[in-house]
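Chemist: One structure follows; several queries about it will come next.
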Amino acid sequence: LVRLRARLARSQNTLGKGLLTLLSREHLDEDTWEEVEDTLLTADVGVAPTQELVERLRERVKVLGTRSPAELRTLLREELLTLVGPDLDRTVHTESAADVPGVVMVVGVNGTGKTTTTGKLARVLVADGRSVVLGAADTFRAAAADQLQTWGERVGARTVRGPEGGDPASIAYDAVKEGIAEGADVVLIDTAGRLHTKTGLMDELGKVKRVVEKHGPLDEVLLVLDATTGQNGLIQARVFAEVVHITGIVLTKLDGTAKGGIVVAVQRELGVPVKLIGLGEGADDLAPFEPAAFVDALIG
Ligand code: GDP
């Protein structure tokens, strides 16, 4: 966790540093506030949250009068934390009922890190003493099932897969059936994320969801978003949210961008919390999203 924090801090703290430098100026004129806005917008915070934050900062700085660096830091930390949402429920729910495993469906556009995230999440759960079955329902990308199975072998989880180009819903159904038969605690289902036809996606994900729910409740639908894709990622998020009820967001590749503001923007866009973050390609590079630690990493 310490290592992950360090990596997050390395990629993120230009935003906080930039803001602190601006707010430390002797005269906070309109130009400076515009620069504050630009800094936030450049970090993908989004227009409405940026305006809200700037308004709050203006008010508080005015009340403060003279500003010591420590006071500014505290003020900025508080306001950023409020923006990120310190009290949202960020638990990945996998509570299995008596004889049905917890079921988590992982959705998102191909290339965002869906399969990798599914594998990493399996690893976290297995390390936590839970037995996991993986469903390779991404039958669109040829290598996805192999990739998932490799993760499964690595972490000790059975992978249920079908023929290439097979029906994702039937694989998802089989995976949950297998999970029930094995008495597994959790079933994680990797899905395909082709976006070019929204109705195709809707049909496919809707069907996967429906067949899974024949066995019992679906506990989580995690949307995987690549943090480096900025506004494009938001557009994708919107499409998925129209297709399936998202319960949590996984923001991947935060190690590769300083634009951590996307956390705020996407939560605002979907009204759903960021639950996990990806900070690298390795098996241990998935972490729970902790607002306080995240804001600390922003401010440096
Ligand atoms: P999928 O098509 O959505 O299933 O995407 P993959 O899981 O195959 O991931 C696409 C690429 O992104 C792979 O090279 C992964 O190793 C990489 N990747 C996934 N998550 C992260 C992350 O958090 N950080 C970095 N740097 N790379 C990641």
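The values are calculated or read from the model by the stated rules, or taken from the named source; none is laboratory data. It should be emphasised that the depicted structure is a prediction, and the values quoted were computed from it without experimental measurement. Because the Cβ atoms are built from the backbone with ideal geometry, glycine has one as well, and the counts that use them run over all protein chains shown. Accessible surface areas use protein heavy atoms only, side chains included; no ligands, DNA or RNA. Shrake-Rupley method; radii C 1.70, N 1.55, O 1.52, S 1.80 Å.
Chemist: For the stretch 152-161, check the following and say yes or no: at least one residue is over 19 Å from THR116 (Cβ atoms), charged (D, E, K, R) and open to solvent by 60 Å² or more (accessible area, probe 1.4 Å).
Modeler: No, the stretch 152-161 has no match at all.
Chemist: Are any residues in the stretch 124-147 within 13 Å of the ligand (Cβ to nearest atom) and under 21 Å from HIS93 (Cα atoms), and if so, which ones?
Modeler: Within the stretch 124-147, LEU134, ALA136, ALA137 meet the criteria.
Chemist: Can GLY256 be described as away from the ligand (no atom under 14 Å from the Cβ), modelled with pLDDT of 85 or more, of a type in the set (Gly, Ala, Ser) and open to solvent by 10 Å² or more (accessible area, probe 1.4 Å)?
Modeler: no
Chemist: Filter the stretch 166-196 down to the residues that are open to solvent by 10 Å² or more (accessible area, probe 1.4 Å), within 16 Å of the ligand (Cβ to nearest atom) and not in a helix (DSSP H, G or I), then identify the one that is farthest from VAL212 (Cα to Cα).
Modeler: HIS196
Chemist: Only one of SER68, SER96 is among the polar types (S, T, N, Q) and loosely packed, with under 15 Cβ neighbours inside 10 Å. Can you tell me which?
Modeler: The conditions single out SER68.
Chemist: Would you mind telling me which numbered condition in (1) at pLDDT below 90; (2) in a loop (DSSP other than H, G, I, E, B) LEU205 fails?
Modeler: Failing condition for LEU205: (2).
Chemist: I want to confirm something. Restricting to the stretch 100-116 and keeping residues that are assigned to a loop (DSSP other than H, G, I, E, B) and within 15 Å of the ligand (Cβ to nearest atom), which single residue is nearest to GLY280 (Cα to Cα)?
Modeler: GLY113
Chemist: What is the one condition in (1) in a helix (DSSP H, G or I); (2) within 16 Å of the ligand (Cβ to nearest atom); (3) β-branched (Val, Ile, Thr) that THR199 does not satisfy?
Modeler: (2)
Chemist: Same structure again: Return the residue satisfying two criteria in turn: it lies in the stretch 208-227 and is part of a helix (DSSP H, G or I) and open to solvent by less than 70 Å² (accessible area, probe 1.4 Å), and of such residues it is nearest to VAL263 (Cα to Cα).
Modeler: Taking the candidates together, the pick is ALA227.
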